[in-house]
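Encoded as structure tokens, the structure appears first; notes follow it.
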Amino acid sequence: MSGSDELESLAGIAVAAALAAGATDAEAWSESSASRQIRVYDGAVESLSDAGSRGIGVRAFVEGRSGYCYGTDLAEDAIAAVAARAHELAQAADEDEFAGLPDEGGTTAVDGLESEAMRQWDTAAKVELALAVDRAARSRPGVSQVEQTVYADSEGSAAIANSKGLAASYSSTAAWSYASAFAGTGDDLMTALGIGLGRDPGALDPEAIGFEAADRALALVGARQPASRRCPVVLDAFVAASFAGFIGAMLSADAVQRGRSLFAGRQGDEVADPAFALTDDGRHPAGPSSAPFDGEGVATRATPLISGGQLAGYLYDTRTGRKGSVASTGNATRGSYRSQPSVGTTNLVLESGTGSLEDLVAQAGDGLYVTDVAGLHSGVNPVSGTFSVGASGRLIEHGELGAPVREITIASDLVSMLRAVTAVGGEARWVPLGGSVRAVPLLIGEMSVAGS
Amino acid sequence: MTLVDPELAQRVLARALAHGGDMAEVYAEDRRGFSLSLDDGRIERPQSGTERGASVRVVSGKATYFGHVDGLEQRSLLDLADSVAQALHGDARQPVTLAAPDRVERHVVVQRPEDVAVGRQAEILRSCDERARSGGSEIAQVAVGYVDERRQVEIYNSDGVAAADDRTRVRLSAQVVARRGGRVETGTQTRGGHAGFELLAHDPELVAQDAARKAVTMLDAVDAPSGRFPVVVGNGFGGVLLHEAVGHGLEADAVHKHASVYAGRIGEQLAHDGVTAYDDGAKPNAWGSDGIDDEGTPTRRTTVIENGVLTSFLYDLQTAREDGTASTGNGRRQSFRHLPLPRMTNTYFAPGDATAEDLIGSIDNGLYAVSFGGGQVEPATGDFVFGVSEGYLIENGRVTAPVRGATLVGNGLQALAAIDGIAGDLDIATGYCGKGGQSVAAGVGQPHVRIRELTVGGTA
């Protein structure tokens, strides 16, 4: 694994090579990481993986045209070839008056991205952690099997350099674990996930992860299809996170400017109940996607998206910012060096309310508690916001959780749903579904639930 | 091109087995990709890249030890083998002597995409844009994407497998948005194959035209009804239903973990006599085809359902060993950075005797689901949900109004048993299938299929 100083210097070499090839501006992103993954099944290690990865991606500009090329070979001549190819490809693109490097690059100090404690964990200790998750899940009576338990971590560094003189880098660590438990038998077999994440293995509570998977699956055993109804609906934190991820994607200025978002042209509009507030926070100390700078080297920040019930703003990178005559919000994201920057969410934060889950259920009276949705990405129309998604969970009867239900669809449109939020839970947690979301349960006043 | 010569592979495998193991494998890959898109009339985001790397895997009993590195230098391959072997604690084993890998071209590539000047792809994207916009004044936006990929792989294992494959895929996709007042609808279409640029020789603009037609059609859509109805599922991409609701449950890893409703049901009559289904990784130039799978097993056609009876699961080497059978050539992986898993290739129902008109004509009140926006299935129960991206009402034996917002909700076993008509118009569409964090090209297809009754979750 290369250190961040070395990566910064390689990125600088790539920028110089792109300029030498004829680019008017250039940017390079380099990465190096080491990762581990341990899969456990039935009380024994099923697989143990150890991986090293490295690479560089170069974005070359020829005035308003840009091209991108990446490679895994970090030898100087190979980097030069990648840079030259990026320049060559730029000439295939059409001119874009808004394209270019950020006017102002920078970094935000984010504490604790890298945990020193990661190094104190050897492979045997990590295997033991994964086995403990598996044991916890299997210890619950009624759990028929734990399909898989995964522990994974990574340590990595990333660097950026551009022809405006920017050079920056950072290192980070992450560890996460999840288990997928089955409860019931035959046609009544139900499955559910338990998840935990942090900056090092010490941040994970193996029992909590295992019990969560088991308890979520057990709660669904015996589920039947209920009769269709319109009723209050409580979304648990997992489901709220999935919806938040979808909403975040539609608040990308790129989707908005291309007319592919129901939020286009609605800044300042009432789009939600004031109880529902959503922020994108790229520098949250506990955020899995936090970093000092974004994929173009713009300092990360917190951007209110929905606040006081109103649509407060969109997510911008440099290009969409110029097009919209506003500054980048530091939301140029990259999957890796293999992809060029594009607008995306960092960490989405749903503002916490005060009540417990039980309070929301009590407030719902008679309704539905949803713990899983399926087909969200195919079931939501991003332009109109209408959706119809498969769901499972439990009925709410007289303010308490009742019989488990499945094979239901919940339908609404996103804005109607957000305006119908009547209470927001206080128990926040990070959920890696729909991106990276700090989620809370939500009570929706009324939704259409289709069953039999 | 040779990525790793057999002599080096032999040394890597010997080092990987230094502390025991039933099988060791080295998987080397050189992958190159190029993509270009057109959006709002502008060619943008030209991108290319090259990755080279290898992985080493040691299987010992039910456990797998794995590692991968970027780069194919001798030093890093040997270090990788040492690092993987470290996790084992047995006695050294010797791999069998390796020959040079077999190189058989089973999917002919006529025109190599890398030989095509970049301007040519841009031209196709522009003419697609033009064709889509000729679909009328309601066409609001057109996005077209072109991708090609070449993956050269070499696979050696300690049982003597020495195999190579050279895989080229080309795919063109179009997404068109139509607008009428406040109504906005999207239509998509793709064309792709395990083939070269010749795939786009004949009327590539048809892809954009189809997407535009779907978007404009859906502007007239009425809210979908809710309830239980007979459903005719369209050919081509309609096969995603088979892929999701049945195919995933036939993958042997799901079966072994009791995560499949199909476990223990080989030999059982699950569908009517007329229903036969295949997974066919050898289908010439089909999107999900390869010459060999990612463990070096030649691809082939596996009959998974024959005349309604469940006949086979889909195996990779490890699950096949556990069942005392042979791999069906379904050990696939996204790249050298991933472990192989049993995965579908091209999965489809065999054509039947009916016509689409027969199937539709027999229904008084039902739904015609032409294509899906995607879907999800819980393999343990077989429960599925699919969003219908293009669908129509069937009234008195005729296709009438388009519907929006319909979802099909059901159970794979029940849906399979409820198939009561299959047409002859087999077509295979291009999908990407995700499983265990890996995405691979998967062909989904079928002729028109009639399902006696399914739950439709509507918006009306």
Vicinal HN-Hα couplings computed from phi for region A:96-104 (Karplus, 6.51 cos²θ - 1.76 cosθ + 1.60; Hz; Gly/Pro x)
10, 5, 9, 6, x, 6, x, 5, 9
List the relative contact order of region B:55-99 as a percent without decimals, with contacts defined as Cα pairs under 8 Å and 6+ residues apart.
33
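For region B:275-414, what's the relative contact order in percent, using C-alpha pairs closer than 8 Å and at least 6 residues apart? Walk me through the numbers on the way to the answer.
Working: 287 pairs, mean separation 25.3, N = 140.
RCO, region B:275-414: 18 percent.
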What does the structure give for B:76-82 when I average, per residue, the other chain Cβ atoms found within 10 Å of the residue Cβ?
1
Cα-based equivalent ellipsoid of region B:363-457: semi-axis lengths in Å, sorted from largest, via gyration tensor:
23, 15, 14
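Between A:SER352 and A:ALA125, what is the FRET efficiency for a Förster distance of 30 Å, r being their Cβ-Cβ separation, to the nearest 0.05?
0.35
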When each of A:LYS323/B:LYS214; B:LYS62/B:LYS283; B:LYS214/B:LYS435; A:LYS126/B:LYS435 is checked by Cα-Cα distance, pairs over 26 Å:
A:LYS323/B:LYS214; B:LYS62/B:LYS283; B:LYS214/B:LYS435
Using alpha carbon centers only, region A:70-96 is separated from region B:147-177 by a whole-angstrom value of 23
Could you give the angle, 0 to 90 degrees to the nearest 10, between helix B:6-16's Cα long axis and the longest principal axis of the Cα atoms of chain B?
80
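Rounded, prolate or oblate for region A:120-192? Axes are the square roots of the Cα gyration tensor eigenvalues, ordered a ≥ b ≥ c, and the cut-off for rounded is a/c under 1.5.
Judged from the Cα gyration tensor, region A:120-192 comes out oblate (a/c at least 1.5, b/c at or above a/b).
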Rounded to 10°, Cα long-axis angle of helix B:205-218 versus longest principal axis of chain B:
50
Could you give the length gained by full extension between A:ASP187 and A:ASP366, i.e. 0.36 nm per residue of separation minus their alpha carbon distance, to one decimal place?
61.7 nm
To the nearest 500 deg cm²/dmol, what mean residue ellipticity at 222 nm is calculated for the protein assembly as shown from DSSP H runs of n ≥ 4 alone, each contributing -39,500 (n - 2.57), summed and divided by the residues?
-6000 deg cm²/dmol
Beta bridge orientation in chain A: antiparallel %, DSSP, nearest 5:
90
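Which whole number in µm²/s is D for chain B by Stokes-Einstein, with the Kirkwood Rh taken over Cα pairs at 37 °C and 0.692 mPa s? Before the final figure, lay out each step's value.
Working: Rh = 23.4 Å.
Estimated via Stokes-Einstein, D reaches 140 µm²/s.
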Gyration tensor (alpha-carbon) shape descriptor, region A:342-426, a/c threshold 1.5
oblate
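With a 10 Å Cβ neighbour count serving as the proxy for reagent exposure, in which order, fewest first, do B:VAL177, B:VAL399 appear?
Details: B:VAL177 22, B:VAL399 18.
Lowest to highest Cβ neighbour count: B:VAL399, B:VAL177.
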Suppose every Lys and Arg Cβ carries +1 and every Asp and Glu Cβ carries -1, with no other charges. What dipole size does the protein assembly as shown come out with about its Cα centre, to the nearest 20 debye?
800
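Dipole size in debye (nearest 20) for chain A around its Cα centre, Lys and Arg Cβ +1, Asp and Glu Cβ -1? Can you show the working numbers first?
On the way: 32 positive and 57 negative charges, 156 e Å.
Magnitude of the dipole: close to 760 debye.
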For the pair A:ARG224 and A:GLU63, what calculated FRET efficiency results from E = 1/(1 + (r/R0)^6), where r is the Cβ-Cβ distance and R0 = 56 Å, to the nearest 0.05?
0.30
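Please report the relative contact order for region B:346-436, taking Cα pairs under 8 Å with a sequence separation of at least 6, and give it as a percent rounded to a whole number.
Relative contact order, region B:346-436: 33 percent.
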May I ask you to derive the FRET efficiency for A:ASP42 and A:GLN267 from their Cβ-Cβ distance with R0 = 51 Å, giving the value to the nearest 0.05?
0.45
Total charge of the residues flanking B:VAL207 in space, meaning their Cβ is under 12 Å from its Cβ, with Lys and Arg +1 and Asp and Glu -1, is +1
Angle between chain B longest axis and helix B:118-133 axis [Cα atoms, degrees, rounded to 10]
20
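With 10 angstrom as the radius, rank B:LEU454, B:LEU98, B:LEU408 by how many other C-beta atoms surround their C-beta, starting from the fewest. Can you show the working numbers first?
Values: B:LEU454 23, B:LEU98 20, B:LEU408 28.
Going from sparsest to densest Cβ surroundings: B:LEU98, B:LEU454, B:LEU408.
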Of B:PRO46, A:ALA420, A:TYR70, whose Cα points farthest to the positive end of the dipole of the protein assembly as shown (charges on the beta-carbon: +1 Lys, Arg; -1 Asp, Glu; origin at the Cα centre)?
A:ALA420
If you consider only alpha-carbon coordinates, what radius of gyration and Dmax does the protein assembly as shown have, in Å?
26.6, 74
By the mean-Cβ-within-10 Å protection proxy, highest first, A:150-163, B:73-86, B:101-114 rank as A:150-163, B:73-86, B:101-114
Restricting things to Cα coordinates, could you compute the convex hull volume per residue of chain A in Å³?
140
Please report, in debye to the nearest 20, how large the charge dipole of region A:379-452 is about its Cα centre when each Lys and Arg carries +1 at its beta carbon and each Asp and Glu carries -1 there.
240
Positive-end residue of B:ILE451, B:THR319, A:SER172, charge dipole of the protein assembly as shown with Cβ unit charges:
B:ILE451
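Please arrange A:THR300, B:THR64, B:THR345 by counting, for each residue, the other beta carbons lying within 10 Å of its beta carbon, fewest first. Please list the in-between numbers first.
On the way: A:THR300 26, B:THR64 22, B:THR345 32.
In order of increasing Cβ crowding within 10 Å: B:THR64, A:THR300, B:THR345.
The numbers here are math on the coordinates, done by the rules we state, and not lab data. As the structure is a computational prediction, the values presented were derived from the model and not from experiment. Methodologically, a virtual Cβ is constructed for each residue, glycine included, from the backbone with ideal geometry; neighbour enumeration extends over all protein chains shown.
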